[in-house]
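Single-structure report; data block below.
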Amino acid sequence: MDPSVRPCDDFYKFACGKFLESAELRDDMTQNSSFSQVNDILEDQLKAIVFEESRPDEPYPYQTMKHFFDLCLDEDKIDARGVSPVVSRLAAAGGWPVLGNWSKFGWSFLDTEIRLRNLSIGGGSLFQIFPSIDAKNTSKRVIEIDQAGLVLPREFLVKGLSDPIVQAYYSYMVDIAEMYGADRRLAQVKLNDSLMFEIELAKITVPREQRRDFERMYNPYGLEDLMAEFGWVNWTALLESMMPASVQLRKNELIIVSEVEFLKKLEVFLQKYSDDSSLSLALSSLYVERYFDETSKKAALNMTNMIREEIVRNIQELDWMDEETKKRAVYKASQVVQHIGYPDELNDINKIEEYYKGVSNRL
């Protein structure tokens with residue numbers, strides 16, 4: 001406060017004048033406030049605690065906490081381990097298409113969602129699930145389901161790649177994938193698809209300015225009712241996988257759905273991207289086995305590869321194109337995907353059987 005200012009003349013300066021005179025905006029800050037300053041003090045106090053050496057008589061949880069903090073600061077050890085711990089956890093979650101260690105054969109959203117949550121490395125990309133306090137009975141806790149939690153705010157994503165922040169987000173994803181061992185050109189293609197999916201997902205989410213009516217967002221369901229209306233997700237299996245073994249879900253478990261229309265739109269949206277297929281894949285596999293000449297596929301692949309090589313050679317010999325344009329043209333030629341005959345997976349009967357696992361041949 002600045003008591004030298006009359007509150008009736010300038011109440012803001014009366015209330016905040018001393019702060020405005022003394023507060024600094026450091027280079028690492030986008031804003032400063034009394035809350036920021038309190039947070040700085042808090043961080044300094046916490047650092048003082050974790051940097052202290054453990055005492056022999058200190059409780060085990062305190063010693064463990066400090067030990068883990070020391071490990072996080074051991075950059076030499078972290079660098080020596082590299083990205084292998086992350087890559088191994090991604091593999092445990094079912095793999096990642098960008099790294100080439102994933103297959104859609106036998107893949108299911110539910111299984112992946114459960115694995116990611118249990119490994120504490122993800123989950124919740126399509127919708128959020130979390131414990132909450134019942135807004136109409138604050139003595140009770142409930143399960144709440146909300147719309148997708150986007151990495152970037154919706155207002156940026158819906159602009160697409162024309163927005164510089166979305167462009168930076170895409171570049172960041174590609175850089176991370178390459179750091180994890182992905183081929184950069186493959187990562188650019190795969191993550192472009194991923195980004196387009198995320199942009200379309202953002203478009204069906206409800207904007208922040210429309211999420212101020214808490215009455216509208218209070219939609220109670222029993223577990224059975226939820227399964228009946230939104231049965232495209234096995235909510236029972238998903239929720240049970242998230243609960244400790246000591247917790248049992250009840251049939252009338254109260255679940256609050258914040259955005260009902262989003263879940264309805266999400267079901268329609270995912271149908272465009274679904275990996276569920278009819279039995280056409282089995283028919284394709286049988287056709288390849290019986291009629292397709294493997295020699296023809298190899299000859300066609302060899303021919304298209306030679307055409308690509310000749311295109312690149314011609315580009316490099318052009319005298320009317322500058323070097324930067326040549327690089328872009330060569331890159332474009334390298335990104336042409338060859339769809340010759342059939343994917344190799346159709347020859348792997350084990351993968352075909354895995355894909356149709358659980359499909360009954362009885363009506």
Task: Any hit, region 245-252, residues being closer than 18 Å to SER132 by Cβ, open to solvent by less than 90 Å² (accessible area, probe 1.4 Å) and modelled with pLDDT under 90 - done: yes
Task: Test: ARG154 is charged (D, E, K, R) and within 28 Å of TYR221 (Cβ to Cβ) - done: yes
Task: Members of region 37-53 that are modelled with pLDDT of 90 or more and either in contact with a helix residue (DSSP H, G or I) (Cβ under 6 Å, 6 or more places away or on another chain) or among the hydroxyl-bearing types (Ser, Thr, Tyr) (or both) - done: none
- [ ] Filter the helices (runs of 4 or more DSSP H) completely within region 272-352 down to those with at least 2 residues that are modelled with pLDDT of 85 or more and either open to solvent by 50 Å² or more (accessible area, probe 1.4 Å) or farther than 21 Å from TRP107 by Cβ (or both).
- [x] 294-317, 323-334
Task: Near pairs, Cβ below 7 angstrom, 6+ apart or cross-chain, from region 299-314 (more than 13 Å from VAL336 (Cβ to Cβ)) to any residue that is open to solvent by less than 60 Å² (accessible area, probe 1.4 Å) and not in a helix (DSSP H, G or I) - done: ALA300/ILE340; ALA300/GLY341
TODO: Please state which of the following conditions ASP111 fails to meet, knowing it meets all the rest: (1) among the acidic types (Asp, Glu); (2) modelled with pLDDT under 85; (3) within 30 Å of ASP348 (Cβ to Cβ).
DONE: (2)
Task: Within region 214-231, considering residues that are surrounded by fewer than 11 Cβ atoms within 10 Å (Cβ to Cβ) and closer than 16 Å to GLU144 by Cβ, the one modelled with the highest pLDDT - done: GLU215
Open item on the list: I'm told ARG115 meets every condition in (1) more than 30 Å from ILE255 (Cα to Cα); (2) part of a helix (DSSP H, G or I) except one. Can you identify the failing condition by its number?
Closed with: (1)
Task: Sole exception among (1) loosely packed, with under 15 Cβ neighbours inside 10 Å; (2) of a type outside the set (D, E, K, R); (3) more than 29 Å from LYS265 (Cβ to Cβ) for ASN118, by number - done: (3)
- [ ] Answer with yes or no whether LEU25 is at negative phi, of a type in the set (A, V, I, L, M) and touching a Lys or Arg at 6+ places or on another chain (Cβ under 8 Å).
- [x] no
Task: For ALA91: the one exception among (1) touching a residue at least 60 places away in the same chain (Cβ under 8 Å); (2) of a type outside the set (Val, Ile, Thr); (3) open to solvent by 50 Å² or more (accessible area, probe 1.4 Å); (4) assigned to a helix (DSSP H, G or I) - done: (1)
Open item on the list: So, in region 174-211, how many residues would count as being within 27 Å of PHE262 (Cα to Cα) and either touching a residue at least 60 places away in the same chain (Cβ under 8 Å) or open to solvent by 30 Å² or more (accessible area, probe 1.4 Å) (or both)?
Closed with: 15
Task: Selection from region 143-167 of residues that are under 13 Å from MET196 (Cβ atoms) and in contact with a Gly (Cβ under 9 Å, 6 or more places away or on another chain) - done: VAL166
- [ ] Filter region 11-34 down to residues that are among the acidic types (Asp, Glu) and either surrounded by 13 or more Cβ atoms within 10 Å (Cβ to Cβ) or assigned to a helix (DSSP H, G or I) (or both), then give me how many there are.
- [x] 1
TODO: Name, by its number, the condition in (1) closer than 23 Å to HIS339 by Cβ; (2) open to solvent by less than 40 Å² (accessible area, probe 1.4 Å); (3) polar (S, T, N, Q) that does not hold for SER241.
DONE: (1)
Task: Every residue from region 76-115 that is farther than 24 Å from LEU266 by Cβ and of a type in the set (Lys, Arg) - done: LYS77, ARG81, ARG89
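The values are calculated or read from the model by the stated rules, or taken from the named source; none is laboratory data. No experiment lies behind these values; they were computed from the predicted model shown. Heads up, the Cβs are rebuilt from the backbone with ideal geometry, glycines too, and the neighbour counts pull from every protein chain shown. With ligands, DNA and RNA removed, areas are computed over all heavy atoms of the protein, side chains included. Shrake-Rupley method; radii C 1.70, N 1.55, O 1.52, S 1.80 Å.
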